[in-house]
1. Would you call Ser149 under 23 Å from Gly103 (Cβ atoms) and not β-branched (Val, Ile, Thr)?
2. Mind counting the residues in the stretch 59-83 that are over 16 Å from the mean Cα position of the chain (by Cα) and in contact (Cβ under 8 Å) with a residue 24 or more places away in the chain?
3. With respect to Met236, is the statement that it is in contact (Cβ under 8 Å) with a residue 40 or more places away in the chain, among the hydrophobic types (A, V, I, L, M, F, W, C), more than 15 Å from ligand 2 (Cβ to nearest atom) and within 30 Å of Ile62 (Cα to Cα) true?
4. Can you give me the number of residues within the stretch 173-196 that are more than 14 Å from ligand 1 (Cβ to nearest atom), part of a helix (DSSP H, G or I) and of a type in the set (A, V, I, L, M, F, W, C)?
5. Applying the selection to the stretch 278-310, what residues are farther than 14 Å from Asp34 by Cα, surrounded by 13 or more Cβ atoms within 10 Å (Cβ to Cβ) and among the hydrophobic types (A, V, I, L, M, F, W, C)?
6. Have a look at Tyr204, Tyr160, Tyr219, Tyr182 and point out the one that is of a type in the set (Phe, Trp, Tyr) and in contact with a Ser or Thr (Cβ under 8 Å, 6 or more places away or on another chain).
7. So which residues in the stretch 209-240 are part of a helix (DSSP H, G or I) and away from ligand 1 (no atom under 15 Å from the Cβ)?
8. Scan the helices (runs of 4 or more DSSP H) fully inside the stretch 269-348 and keep the ones with 1 or more residues being closer than 18 Å to Ser121 by Cα.
Amino acid sequence: MALRKTATVSSRKNSAKSAGKISNGGPIADFDRDEELKAYREMLLIRRFEEKAGQLYGMGFIGGFCHLYIGQEAVVVGMQMAQKEGDQVITAYRDHGHMLATGMEARGVMAELTGRRNGYSHGKGGSMHMFSKEKHFYGGHGIVGAQVSLGTGLAFANRYRGNDSVSIAYFGDGAANQGQVYESFNMAALWKLPIIYIVENNRYAMGTSTARATAQSNYSLRGSGFGIPGIQVDGMDVRAVKAAADEALEHCRSGKGPIILEMLTYRYRGHSMSDPAKYRTKEEVQKMRSEQDPIEQVRLRVMEKGWATEDDLKAIDKEVRDIVADSADFAQSDPEPDASELYTDILL
Ligand SMILES: Cc1ncc(C[n+]2csc(CCOP(=O)(O)OP(=O)(O)O)c2C)c(N)n1
Ligand SMILES: [Mg+2]
């Protein structure tokens, strides 16, 4: 597909404030059958994994914080489909989807959630603190906005080393109001660092809507004071995410410096596992689920095009369910870390 060049800040007609349709007429990647089915599988894996994590939490197997990514799957999957080996990912605490998208093992992620020995942080980090150098995943951060500065540091390292890797730093609409985000923007623009700043605008920061907390709710414009271009993207359509990702990665790799992608998305579940949900109506959630669900969109498309039958999709569903069930069994049977582990993996 032809890609639109982004020399200046661009924004689309859609406003993050609108409760209506997210689709904003931006470019859409032309997926073939394999890409559609890959996107379907990856998004479904995240969805089913998160549902299982929610269940295990309810049964008392997971303690501490746990923030589910259900509804936002198209964002990480579309990005990952455009990335190449070596590109780094860093995000906040709503991070299980990002981990699975980078190829981290479901077993290791689930076992970390249950605090077990073979979890990615040996059971000592939990939901918000997992890393995989092998998969170029740099966490998992609980301090709102902190990963933006760290991600900028990763981009600085890429520039310093002269490689062509791109750092991809995800953060929320709430985090976008943190001061260190703008200190990072300044340095990234000044040094033309290869970084994509992804604002996952899911309309709420805990219980506060963007309309209540944000003076400029078009987050793609947030870099304009630094000359950083930005694009608003339909974050519920994995093809729109992939198209924007291709454009942003090309921008970074060709030495033009940072770029912002505002992903218009929606979280179906509560902020964390305890959320009275008084800040939005059930109807609002239901409307988004029934009209714009990212997985359902792909399912309908492949069926309509005759690219997959019900049975083909059922086979993918089964494969995904098996992976998730296996990860849950593993996460309940793997032993807890030994007490001596309290003294390992720490800086003294
Ligand atoms: C520095 C800091 N301030 C406040 C908090 C408490 N807190 C945790 S999540 C959150 C909301 C962030 O919302 P957003 O960035 O939109 O991300 P989302 O949860 O929607 O993914 C807040 C205020 C924190 N963890 N760190
Ligand atoms: Mg948010």
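The values are calculated or read from the model by the stated rules, or taken from the named source; none is laboratory data. Just so it is clear, the structure is predicted and the values come from calculations on it, not from any experiment. Heads up, the Cβs are rebuilt from the backbone with ideal geometry, glycines too, and the neighbour counts pull from every protein chain shown.
1. When the stated conditions are applied, Ser149 does not pass them.
2. Here the count works out to 5.
3. For Met236, the condition - in contact (Cβ under 8 Å) with a residue 40 or more places away in the chain, among the hydrophobic types (A, V, I, L, M, F, W, C), more than 15 Å from ligand 2 (Cβ to nearest atom) and within 30 Å of Ile62 (Cα to Cα) - is not met.
4. 5
5. Within the stretch 278-310, Val285, Met288, Ile295 meet the criteria.
6. Numbers: Tyr160 fails: in contact with a Ser or Thr (Cβ under 8 Å, 6 or more places away or on another chain); Tyr219 fails: in contact with a Ser or Thr (Cβ under 8 Å, 6 or more places away or on another chain); Tyr182 fails: in contact with a Ser or Thr (Cβ under 8 Å, 6 or more places away or on another chain).
The match here is Tyr204.
7. Result: Ser220, Leu221, Ser224, Gly225, Phe226, Val238, Arg239, Ala240.
8. 310-333
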